[in-house]
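Just so it is clear, none of the values below were taken in a lab; they were calculated from the coordinates. Quantities reported herein were computed from a predicted structural model and do not represent experimental measurements. Cβ: placed from backbone, ideal geometry, glycine included. Neighbour counts: every protein chain shown.
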Amino acid sequence: MKVRYRAAAGVAVLALAVAACGGGGGEGGNQPSAEQSQQAQQQMAAVPGFAINPVAYDQVKDGGTLTLAVGQWPTQWNSNHVDGNQRDTSDMLAPVMPQLMVFDEEANYKPNPDFATSITNEMKDGKQVVTYTLNDKATWSDGTPITWKDLEANWKANNGSNKDFKPASTDGWDRIESITKGDTDKVAVVTYSKPYPEWMGLFSGSPYLTPAKYVETPEAYDNEYNQKIPVTAGPFKVEKIDEGTKTLTLVRDDKWWGQKAKLDKIIFRAIETPDAQVNAFANGEIDSVEIPSGAPAELKRAKEVPGVDIRKALSPNWRHFTVNNQSEILKDKNVRHAVAYAINRDVITQSDLKDMDWPLQTLGNHIFMNNHKAYVDNSGDLGKYNLEKAKQLLDAAGWKQEGEYRKKDGKEFDLNFVIPTATPVSQTEGELTQAMLKEAGIKVNIKAVPLDKFFTDYVNKGDFDITPFSWIGTPLPIGSLAQIYKTGSESNYPKGSDPALDAAIDAAVSELDPAKAQELANAADKLIWDMVHTIPLYQRPEIRATKKTLANYGAKGYKTYDWTSIGFTG
């Protein structure tokens, strides 16, 4: 699962939302009725799984330049690395890096024939063995063949055995016992020490397979893709990375052995704010723009652009607050419970999604989205706004009201709500949270930090009390449990730790029966709620405004883009 923060607007609805959260203590403040919840669920069911304007390859014209915007410009282009674990980075690497497995809009998977002619999963002598037969033509851009050694090197770097490596996640990698050569260098035999049901997520993009020599040592892992992309393998290659203008230019790779790409060129431009991105789209500077939650003005503006097509789909992406379990004040779980009770998730959801043409439904699960067949609302009482319960817990924890705010042993109860600059939706969420928690006697300081440093210098390092961002999911949600919630994971940003949760995660990610795995994952989710590791808000809209003539691109949901067929019809 990728983490990525996108700038998003929302200030215009602040006054309304703050008024809504004022007062309203007790059990039911601003909770939606059963009828409203049912209506939202029905609206959610009506949203399609993908909307990309599918057009047959031979009906897409040859040539042309696709220009796209990203919100966050990376320094680390190694997508395995914890500092390279952003969605924008992954999006930019997709046309130039290998993906051994691809997914359709219903999350069904199959080998990507450009890179793997066969992938088998079987039990041998009581152990799970996955055999990858790589395409004989598959080659890195420096002329080196892609072989089993690349898979082996990526496994060794990401499995957690060498603490000098800094992977975004060891999940799955740490269950591999060995990767050995098969009949030829093009055959990789992957043997697992423990079953891993979501094995198909490895080597399948996010993170991408990277050449062995660039990940064999911690130094190479940290540095070789830092501010550069030295080697690729895809239908496109890097023409230029311009740090000054924060622009990545990709061109068709004539050495590509697969279906020829329709486009001549792809340009990614860093444009931080949604309004600036929509302005660029309206001016014809970019061909598609993502409309994030909390941006009704941008959605309205995009709809008015001549020749626009608004494409919406369900996706595995969700908005949340991450709560630092190790900060001085929040180490006490009862205090974290109090904070959760004092935050009205429904008000924040309504604020972020107002006028977005999207169902107003809070999310009650950290693993499965509202539209997933395994979805269960596990939020319980903690998911419901209850100011009086929050006050009772704070009193019991020794935090007594003294004037405007609470104090304990002479220390004032104040929290840092860390947000990236140029992100109005986060500013709004911070101000709403500030108003809500003030009613409980908690002071909230909104701390805006540079967007390009938000993850690397603050979230990754635990320099926050509460912080909002979006998790960008994959078709394999159970496999992400260990990455985000297990003790010691680099991507466990709150540094939460619970042996019972660790055991529950191990049980879920080891279960080969899908129905049983989903049941075990929901059991783990209840423990995540109790930990107050992360406070889910809502399933994030996937809305893209594109030129009507843009084919095979848009709101993709679970689907893997085919970058060779993306292009224009006119």
| Suppose R0 equals 30 Å; then what is the FRET efficiency for Glu243 and Lys303 from their Cβ-Cβ distance, rounded to the nearest 0.05? | 0.30
| field | Around Asp254: net Lys/Arg minus Asp/Glu count, Cβ-Cβ under 12 Å | value | +2
| the chain: calculated mean residue ellipticity at 222 nm from DSSP helix runs of at least 4, using -39500 (n - 2.57) | -7500 deg cm²/dmol
| note | tail above 24 Å in the computed P(r) of region 342-495, as % of all Cα-Cα pairs, reads 45 percent
| remark: extent check for the chain: Cα max minus min per principal axis, descending, whole Å, gives 71, 60, 44
| said: Give me the base-10 log of I(q)/I(0) for region 95-223 at each q in 0.11, 0.12, 0.22 Å⁻¹, Debye formula, one uniform scatterer per Cα, rounded to two decimals. | reply: -0.36, -0.43, -1.49
| remark: Of the listed links Lys61/Lys260; Lys228/Lys255; Lys156/Lys186; Lys149/Lys262, those spanning more than 23 angstrom between alpha carbons are Lys149/Lys262
| request: Using only Cα atoms, locate the centre of region 163-198 and the centre of region 400-461, then give the distance between them in Å, rounded to an integer. | output: 41 Å
| For region 455-551, max minus min Cα coordinate along each principal axis, in Å, sorted largest first? | 52, 39, 21
| Given charges of +1 on the Cβ of Lys and Arg and -1 on the Cβ of Asp and Glu, with all other atoms neutral, how large is the dipole of the chain about its Cα centre, in debye to the nearest 20? | 400 debye
| query | Which residues in region 513-555 have a backbone N closer than 20 Å to a point placed 7 Å from the Cα of Ser497 along the Cα-to-Cβ line? | reply | 527-534
| query | Taking the Cβ-Cβ separation of Glu219 and Gln38 as r and a Förster radius of 51 Å, what is the calculated FRET efficiency to the nearest 0.05? | reply | 0.35
| What ranking, highest mean first, results for peptides 508-514, 402-408, 201-207, 259-265 when packing means the other Cβ atoms within 10 Å averaged over each residue? | 201-207, 259-265, 508-514, 402-408
| task | Would you work out the charge dipole size for region 211-251 about its Cα centre, treating the Cβ of every Lys and Arg as +1 and the Cβ of every Asp and Glu as -1, and quote it to the nearest 20 debye? | result | 200 debye
| field | Given charges at beta-carbon only (K, R positive; D, E negative), |dipole| of region 316-539 in Debye | value | 300 debye
| All Cα pairs of region 427-486, percent lying beyond 14 Å | 67 percent
| said: Sort Ser497, Ser118 by Cβ crowding within 10 Å, fewest neighbours at the top. | reply: Ser118, Ser497
| request: Starting with the fewest neighbours, write out Arg311, Arg319 ranked by other beta-carbon atoms found within 10 Å of each beta-carbon. | output: Arg311, Arg319
| query | Which of the peptides 290-302, 414-426 is most tightly packed, and how do the rest follow, judged by the mean count of other Cβ atoms within 10 Å per residue? | reply | 290-302, 414-426
| request: Take peptides 168-175, 233-240 and line them up by average Cβ neighbours within 10 Å, highest first, as a rough protection proxy. | output: 168-175, 233-240
| query | Arranged by the count of other C-beta atoms within 10 angstrom, fewest first, what order do Met436, Met97, Met44 take? | reply | Met44, Met97, Met436
